[in-house]
1. Just one of A:Leu112, A:Leu150 is buried (at least 16 other Cβ atoms within 10 Å of the Cβ) and either out of contact with any Gly (no Cβ under 6 Å at 6 or more places or on another chain) or assigned by TED's automatic domain parsing to the domain that holds A:Leu16 (or both); which is it?
2. So which pairs qualify, if the first residue must be in the stretch A:180-201 and in contact (Cβ under 8 Å) with a residue 60 or more places away in the chain, the second must be assigned to a helix (DSSP H, G or I) and among the small types (Gly, Ala, Ser), the Cβ gap must be under 6 Å, and the two must be at least 6 apart or on different chains?
3. Can you tell me how many residues in the stretch A:173-187 are surrounded by fewer than 16 Cβ atoms within 10 Å (Cβ to Cβ) and facing chain B (nearest Cβ under 7 Å)?
4. Looking only at residues in the stretch B:53-72 that are more than 17 Å from B:Ile40 (Cβ to Cβ) and of a type in the set (D, E, K, R), which one is nearest to the other protein chains (Cβ to nearest Cβ)?
5. How about the stretch A:188-221: which of its residues are of a type in the set (Phe, Trp, Tyr), surrounded by 15 or more Cβ atoms within 10 Å (Cβ to Cβ) and more than 27 Å from B:Arg85 (Cβ to Cβ)?
6. Do we have any residue at all in the stretch A:226-233 that's in a helix (DSSP H, G or I), modelled with pLDDT under 85, hydrophobic (A, V, I, L, M, F, W, C) and assigned by TED's automatic domain parsing to the domain that holds A:Val202?
7. Give the stretch B:103-120 a look and list any residue that's in a loop (DSSP other than H, G, I, E, B) and within 12 Å of another protein chain (Cβ to nearest Cβ), or say none.
Amino acid sequence: MKFLKYHISIMLPLFLLFFAVESFYMLRQIIDNYESNINNDYSIVIVSKVPLDKSMLKQKVDSVDEVKIITINKVINRLKDNISANDLKILKESLPLFYSIKLNKLPNSKQLMNIKKELLKISGVKSVSTFQKSYNKFYNFLIFNKMLLLFFAIFVAVIVLLLIVKQSEVWIFEHKQRFEIMSILGAPFWMKSAMLYRVVIVDSILSSAIVSAIFYYFTHSDKYLRYFMEIGISLPKFNILKDGVLLFGIGIFVSIVSVTFAIIKLNKE
Amino acid sequence: MNSAKSSVVVAENLTLAYKKNEPIIQNATLSIKMGDFVFITGKSGSGKSTFLKSMYGAIHPREGILNVCGINLRNVSTSNKNFLRKHLGVVFQDYKLIENWTIEKNVMLPLLIAGFSKDVCISQAHKLLNHVKLVHKADKYPLELSGGEQQRVAVARALAHNPVLILADEPTGNLDEYSSSVIWDLLKGANAQLGTTVITVTHKIPSLLRVNYRHFIIEDGGIDEVS
């Protein structure tokens, strides 16, 4: 019972830390996915009198990723029956060219206005549609989400810091007597510290394994995946090798830092 | 270890102080030889425990020389201090046993520190627990034992690695008459059979102790031997 209680006292803060870190990590991935979805769906339309190509546009706007011509044949074909072939030919020749361009990253409102300005400078370009109003709506929502994420990251960092300090105090309290007695009996530094390091390494392995199993189940369960899909969120899958090892690494790092901090303090006392 | 011609403890003009210009022991000179059984007495706050602490390097001399088992403790390095402590047995009034370790493991501790294999440690711990008549409680934790039993465990731990010198700080201060006599018998036995030097700080020398001992009194910062 005593043994269990001792290990739980170390594992509990590690659980909290792992849950916070993994939640932060998943949330970041969800927002990144959302950003990339917005970027995929968003394009600028250019109306030009002269043919344009990617290199020409890239000279003006570096973030241009893809340029596609919008064919107007469908519209012209609809008019085929109502006007003569000659008029159709004149119409075809007098109509401008339409281009849809995609950017490699989402610009903010100011950058978008600059992009429009730069594109309009190209000779032959008659108009540029950035759909700024609806774009701003999405972009602001994204910024809001990113801000929330930043607050969450700060919150996690504060929690981690508090956990480190708290856990170190607990260790100092719990091991003070043992440290003092071992010092009087001439135990070397490594021997006094070995037990603490061994305990935190074992507990980090156990905690990261348990949290990894929970997240793995949660992100691989059809029930939860469907639920998130319904509300338009694509839940990133927990990767045991990548995410599990990351959690274990963080756990080991935080534990070793806090144990070392506690040991230095214990050794001074 | 250099025993410096059978002198285990040599102090020359020794001054001990926690704060500068507030000496607790001043200009003390004494020599304790191998196999001596020594009592150090004095009033409360006279510096008995401070002197004992200085002998295992918990307090460093401000002035003078303090040589224990051939190691000068004036400017001792951590490794030398650990080396010295590995050859000492220390017994405290409050036992200083590790509460979440079994008494067997507590007794094993000096042997583990000395680097003996686990089997040797277990066998030696059982021998000593048998000697202090607590082998049947080897798996118990210190707080499950009475004060007298805990002090017997502490003495067993102090004897575990066959130390050159045992330092005991009021070892019977918290014990009843019977438990006290058991502890004195154990210390006397170590001194008589193994030739271990025993230095005990106490406020009162036990009257029924049949042993040749030396007696030092600490008074007004000085240490004087009572003839």
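1. Matching residue, one of A:Leu112, A:Leu150: A:Leu112.
2. A:Val200/A:Ser255
3. Within the stretch A:173-187, residues that are surrounded by fewer than 16 Cβ atoms within 10 Å (Cβ to Cβ) and facing chain B (nearest Cβ under 7 Å) number 1.
4. B:Arg62
5. Listed by number, the residues that qualify are A:Phe215, A:Tyr216, A:Phe218.
6. For the stretch A:226-233, residues in a helix (DSSP H, G or I), modelled with pLDDT under 85, hydrophobic (A, V, I, L, M, F, W, C) and assigned by TED's automatic domain parsing to the domain that holds A:Val202: present.
7. Across the stretch B:103-120, the qualifying residue is only B:Gly115.
Residues are listed down the side, and each one gets a yes or a no for (1) at negative phi; (2) away from chain A (no Cβ under 11 Å); (3) not in a strand (DSSP E or B):
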| residue | (1), (2), (3) |
| --- | --- |
| B:Ser44 | yes, yes, yes |
| B:Thr50 | yes, yes, yes |
| B:Arg74 | yes, yes, yes |
| B:Gly89 | yes, no, no |
| B:Tyr95 | no, no, yes |
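The values are calculated or read from the model by the stated rules, or taken from the named source; none is laboratory data. As the structure is a prediction and not an experimental result, all values here were calculated from the model. Here Cβ is always computed from backbone atoms with ideal geometry, including for glycine, and neighbour counts include all displayed protein chains.
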